[in-house]
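To start, the structure under review is shown below, and the notes come after it.
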Amino acid sequence: MALDQSFVGRTYPPTEPYEVGREKIREFAEAVGDANPVYTDAEAAKALGHSDVIAPPTFVFSITFRAAGQVVEDPQLGLDYSRVVHGDQKFAYRRPVRAGDRLTVTSTIEAIKSLAGNDVIDIRGDVHDEAGELVVSALTKLVARAADVEEGA
């Protein structure tokens, strides 16, 4: 069943603030195999003009994807998450994410399309700091496979 086009433009309430910690940044950088010292060494980050260590570009995925849960769990939307695969991810930064940032995410449904029986939904997660300034927008594309597609095909 195709998703309701009237949901395009719907914005969900901001998430509770997420405090970005140095250790979380270090753990993430190690997990993705990025040894850039600006992710682990405050002095290296300061030498490049940052106030503290900064996060790798994909770090915000964990908080924006969690925020997108408001969309995928919306019973009125009717998305069958058991059939969803992650289609694409993009980030548009205004500034790097820094240790000590307290970030909230507001999710908006940007587009809903039906392609070959599959539902494709684009969700924009706008990440703001405590001052309300936009830090980054994360664009997530989710694809809900058609119900009549055979498993394993």
Value of [θ]222 nm, deg cm²/dmol, for the chain, DSSP H segments ≥ 4, -39500 (n - 2.57) each, nearest 500: -5000 deg cm²/dmol
Among 12, 128, 51 - extreme Cα towards positive end, dipole of the chain, charges at beta-carbon: 51
Within region 85-131: Cβ-based charge dipole about Cα centre, in debye rounded to nearest 20 (Lys, Arg +1; Asp, Glu -1): 180 debye
Nearest 10 degrees, 0 to 90: helix 22-31 Cα axis against the chain principal axis: 60 degrees
HN-Hα J in Hz across region 35-48 - Karplus 6.51, -1.76, 1.60, θ = phi - 60°, x for Gly and Pro: 8, 4, x, 5, 8, 10, 10, 4, 5, 5, 5, 5, 4, 9
Protection proxy ranking of 19-31, 102-114 - average other beta-carbon atoms within 10 Å, highest first: 102-114, 19-31
Most positive-pole-ward Cα, 28, 117, 93, against dipole of the chain from beta carbon charges: 93
Nearby lysines by direct alpha-carbon distance to residue 46 (threshold 26 angstrom, same-chain neighbours under 8 apart not counted): 24
Projected label distance in nm at residue 43 and residue 133, using a 7 Å step from Cα toward the beta-carbon: 2.7 nm
Principal-axis tilt of helix 61-72 within the chain, Cα atoms, nearest 10 degrees: 30 degrees
Estimated inter-spin distance, residue 32 and residue 115, nm [label 7 Å along Cα→Cβ]: 2.4 nm
Total charge dipole magnitude, the chain, about the Cα centre, Cβ charges on Lys, Arg, Asp, Glu only, Debye to nearest 20: 340 debye
R0 of 22 Å, Cβ-Cβ distance residue 91-residue 147: FRET efficiency to nearest 0.05: 0.10
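Any read-out appearing in this document is the output of simple, stated calculations on the displayed coordinates, not a laboratory observation. On a predicted model such as this, the values are computed, not experimentally measured, just so you know. Positions of Cβ are backbone-derived with ideal geometry, glycine not excepted, and every protein chain shown enters the neighbour counts.
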